[in-house]
Structures are given as structure tokens and as C-alpha cells.
Amino acid sequence: TSKSVTVASVPVKSITIIPSEITIGVGDTARLSVVFEPLNATEKEFSWSSSNTRYATISYIAGSKDGLLKGVKVGSTTIRATIPGTQTTASISASCKVTIVEKYTVVFKDWDGTVLKSHRVLKGSAATAPSDPIREGYTFTGWSTKEDAVLPEYKPGGLFDKNEDTVLYAVWKNNVTA
């Protein structure tokens, strides 16, 4: 004899996109995830969409239901995850506010021109300097946009927030007194 087992369907009550708000650079990507409520929901089919694909696109990550967000152009848009409605249920959706900004490059150089750190930073964010460099006979005093600076514009451990492509040079004080 065989018995048939009926598995009860657990409907989704709500969904949330994680994160609910994000800022990325043009050309950057980020992962978005959907959380279902209740967690044991069985009907988890949904679709991703962008309110304006000129600014950001969203696609499924292979082997996952997570979304791959890509910044296309400076601006803002809304990404939605939507579970379609049926004859007896309304559609359910969640949104993520996306801001796409420019990026800039900050290069930190030592006294001899050695690049200590170079990285791309989102506009509106601050670049973090590398660990303080070491030079025999000198004390590191900070960073300057001028190669031959005597006084630093930015102190060690400080944040640089000029928001444009920039080279910062290590500023040194000679420990030898005449």
C-alpha cells in the first residue's frame, strides 16, 4: 500500500532586499539578496527589475537567486524584487534605493617616487592613507599634493576627501640638526 503525503504550501507574507540602500561607482558591481518572511515560505519565485536601466542594471547571479547590481551611469534608480500576484493573492515587492557616483584615483607616493598605495574611491568618500612610511634619518609628518612640500596638508592617519584624481606625496622632516 502506498500513502500520499500532502505538503502544505507556506505563502510569503513579505520580502526585503538586503541592503535596502546602496551607493556604488560607475562600472562597479554589488550583490543584492532577498529575505523572505516567513523564513520557511515555500513559494519563493520572484523577479528582479530596475526602474531605470540607464543608471543601474540587475541580473541573477548564476546558481543563486541573488542579484548582481551594476552601476552604469551617474544618477539614481530603484531596484525591485517582485513576487507576482495570483488570482487569490496580491503581488509582493521590495525595493532598494541605488545611487551611482563617479570614482576617483588617489595615489600615495614616497620621497623617491615609489607608489605606496593607489586605489579608486567613490566620490563623496574619503581615501585612507597607507601605513606611515619609514625613512632612515627622517620623521614622516604627513601628506601633501606638492612633491617638495615642507609642511603636510594632511596629517598621518587622516582622511583625504578631495574627490578628484590626485597624487599625494610623503612629507619628511630631517632628524639631523646642524
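Once the piece of chain linking Ile18 and Thr114 is laid out straight, how much longer is it, given 0.36 nm per residue of separation minus the C-alpha distance between them? Length gained, Ile18 through Thr114: 30.5 nm. Less than 5 angstrom separates the built amide H of Asp28 from those of Gly71, all sequence-distant by 5 or more or on a different chain.
Ranked by solvent-accessible area (1.4 Å probe, protein heavy atoms only, all chains present), the residues Val35, Val98 order from largest to smallest as Val35, Val98.
Pairs over the 23 Å Cα-Cα cut-off, from the set Lys109/Lys162; Lys117/Lys162; Lys70/Lys109; Lys70/Lys97; Lys13/Lys65: Lys70/Lys109. The chain: longest stretch without exposed trypsin sites (Lys or Arg not before Pro) (DSSP loop, at most 16 other Cβ within 10 Å), sites themselves excluded? That would be 74-122.
I'd like the distance separating the alpha-carbon centroids of the range 31-96 and the range 136-178, in whole Å. Each part's Cα centre sits 46 Å from the other's. Protein heavy-atom accessible surface, 1.4 Å probe, per residue over the chain: 62 Å². What fraction, in whole percent, of alpha-carbon pairs in the chain exceed 25 Å separation? The proportion of pairs with Cα distances above 25 Å equals 55 percent. Please compute P(r) over all alpha-carbon pairs of the range 45-143, binned at 5 Å starting from zero, and give each bin as a whole-number percent. Whole-percent P(r) values from 0 Å outward: 2, 10, 15, 13, 11, 10, 8, 8, 7, 6, 4, 2, 2, 1, 0, 0. Evaluating 6.51 cos²θ - 1.76 cosθ + 1.60 at θ = phi - 60° for every residue in the range 61-70, the Karplus couplings come out as 7, 3, x, 8, 9, 5, x, 9, 8, 10 Hz, glycine and proline recorded as x. Between Thr139 and Ser2, the simple spin-label model (points 7 angstrom out along Cα→Cβ) gives 8.6 nm. Please state the relative contact order of the range 11-65 as a whole percent: Cα pairs under 8 Å, 6+ residues apart? Computed value for the range 11-65: 35 percent relative contact order. For the chain, relative contact order (Cα pairs under 8 Å, six or more residues apart, normalised by length) works out to 18 percent. Net charge in the neighbourhood of Pro152 (other residues with Cβ under 11 Å of its Cβ; Lys, Arg +1, Asp, Glu -1) is +2. The residues neighbouring Phe140, those whose beta-carbon lies less than 10 Å from its own, together hold a net charge of 0 under the Lys/Arg +1, Asp/Glu -1 convention. If you roll a 1.4 angstrom probe over the protein chains with everything in place, what fraction of the accessible area of the range 103-153 belongs to carbon and sulfur, to the nearest %? Here it works out to 50 percent. Building the convex hull from the alpha-carbon atoms of the range 1-95 and averaging its projection over directions returns 8.1 nm².
If you take all other residues with their beta carbon under 13 Å from the beta carbon of Tyr169, and give Lys and Arg +1 and Asp and Glu -1, the sum is -1.
Only protein atoms count toward the accessible area here, which uses a 1.4 Å probe; on the range 1-95, the carbon and sulfur part of that area reaches 52 percent.
Of the residues Glu21, Glu102, the one with the largest accessible area comes first in the ranking Glu21, Glu102, computed with a 1.4 Å probe on protein heavy atoms. Across the range 168-174, computed HN-Hα scalar couplings (Karplus, 6.51 cos²θ - 1.76 cosθ + 1.60, θ = phi - 60°) run 10, 10, 5, 10, 10, 10, 5 Hz from first to last residue, x flagging Gly and Pro.
Once backbone amide H atoms are built at 1.01 Å from N, Leu116 has Phe108, Lys109, Asp110 as its partners under 5 Å, excluding neighbours fewer than 5 places away on the same chain.
The values are calculated or read from the model by the stated rules, or taken from the named source; none is laboratory data. Quantities reported herein were computed from a predicted structural model and do not represent experimental measurements. Quick reminder, even Gly has a Cβ in these numbers, built from the backbone with ideal geometry, and neighbours come from all protein chains shown. Heads up: the accessible areas ignore ligands, DNA and RNA and are worked out on the full protein's heavy atoms, side chains in. Shrake-Rupley method; radii C 1.70, N 1.55, O 1.52, S 1.80 Å.
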